[in-house]
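See below for the structure under consideration.
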Amino acid sequence: MKSLREPDLELRGKLIRSLGSLREMLPGSFVERKRACGRPNCHCADGKRLHSQFQISVLIDGKPKALNIPADLAEKVRQKIEMRRRFDAVAATICNVNLKRFIKEKEERQV
Ligand SMILES: [Zn+2]
């Protein structure tokens, strides 16, 4: 039975519930590389209108890897990698809330 509102706990609950929408997150960073394909009569042969190659740059078993992303999946993958950033930000905020509560609890015991 609580009559006192606890904004921190409300925030924490809201953040925890928001994590479900990030379940498809991917690790690593999203990289776009420009490259020429090498075919002499392709538009990229002018060296300006290059092809975009999208990649995930990520550690796999501790080793850096670059995984190619099919162009039609690039936007989706970019969003999933962005989810990881939001997940980390949510986790950091929850940790701050909990740390503040811990410090307060400790102080209250030392009266
Ligand atoms: Zn080309």
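Among the residues of the stretch 5-20, the one identified as aliphatic (A, V, I, L, M) and farther than 20 Å from R86 by Cβ is L9.
The C-beta contact set for the stretch 8-21 (first residue in contact (Cβ under 8 Å) with a residue 40 or more places away in the chain, second residue aromatic (F, W, Y), distance under 7 angstrom, 6+ apart or interchain) comprises L19/F87. A search for C-beta distances below 9 Å between a residue of the stretch 85-111 that is without any contact (Cβ under 8 Å) to a residue 24 or more places away in the chain and surrounded by 10 or more Cβ atoms within 10 Å (Cβ to Cβ) and any residue that is in a helix (DSSP H, G or I) and not aromatic (F, W, Y), counting only pairs 6+ apart in sequence or on different chains, returns A91/L15; A91/L19. Checking each residue in the stretch 22-69 for being within 16 Å of the ligand (Cβ to nearest atom), touching a residue at least 12 places away in the same chain (Cβ under 8 Å) and either closer than 27 Å to I94 by Cβ or not in a strand (DSSP E or B) (or both) picks out A36, C37, L50.
State which residue is most open to solvent (accessible area, probe 1.4 Å) when the search covers only the stretch 47-74 and only residues that are within 20 Å of the chain's Cα centre (by Cα) and on the phi > 0 side of the Ramachandran plot. Among them, the one singled out is D61.
Report yes if C44 is loosely packed, with under 14 Cβ neighbours inside 10 Å, of a type in the set (A, V, I, L, M, F, W, C) and farther than 29 Å from G20 by Cβ, otherwise no. Judged against the criteria, C44 is not a match.
The values are calculated or read from the model by the stated rules, or taken from the named source; none is laboratory data. Worth saying up front: this structure is predicted, and the values here are computed from it rather than measured. Counting neighbours? That spans all protein chains shown, and the Cβs are built from the backbone with ideal geometry, glycine included. Side chains included, ligands, DNA and RNA excluded: accessible areas come from the protein's heavy atoms. Shrake-Rupley method; radii C 1.70, N 1.55, O 1.52, S 1.80 Å.
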